[in-house]
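Enquirer: I am attaching a structure below and will ask some questions about it afterwards.
The numbers here are math on the coordinates, done by the rules we state, and not lab data. These numbers were taken from a predicted model, which means no experiment stands behind them.
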Amino acid sequence: MDKKVLLKNIDKIHTTVMGVDRIKKNLKLNNNDVVKYCKNKILDKNCNIYKQGKNWYCEIDNIIITINSYSYTIITAHTINSI
């Protein structure tokens, strides 16, 4: 599926309270606005965006962001070397 679908729906991207905590811990972020952080990564022209099953995967700067393709919820994000 075309990554333009995800980019066109960038405003729908969100996460849960637990998602915020998980992303902050996994990426070692002090930033409270993890959704904005993830959106900026996704919008970067160097971001590799692809869909597998029901999820979008966005890879950039040695991190991978997983987003549910139906709800646009950020499920998790982690550094690639920690998988």
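Enquirer: Nearest 5 percent is fine: what portion of the DSSP beta bridges confined to region 3-74 is antiparallel?
Expert: 90 percent
Enquirer: Would you mind checking the pairs LYS12/LYS41; LYS12/LYS54; LYS4/LYS25; LYS12/LYS36; LYS3/LYS25; LYS3/LYS24 and listing those with alpha carbons more than 22 angstrom apart?
Expert: Too far apart for the 22 Å limit: LYS4/LYS25; LYS3/LYS25; LYS3/LYS24.
Enquirer: How much mean residue ellipticity at 222 nm does the chain get from its helices, if each DSSP H run of length 4 or more adds -39500 (n - 2.57) and you divide by all residues, to the nearest 500 deg cm²/dmol?
Expert: That calculation yields -9000 deg cm²/dmol at 222 nm.
Enquirer: Under 10 °C and 1.306 mPa s, how fast does the chain diffuse according to Stokes-Einstein, given a Kirkwood radius computed over C-alpha pairs? Answer in µm²/s, whole number.
Expert: For these conditions, the coefficient is 127 µm²/s.
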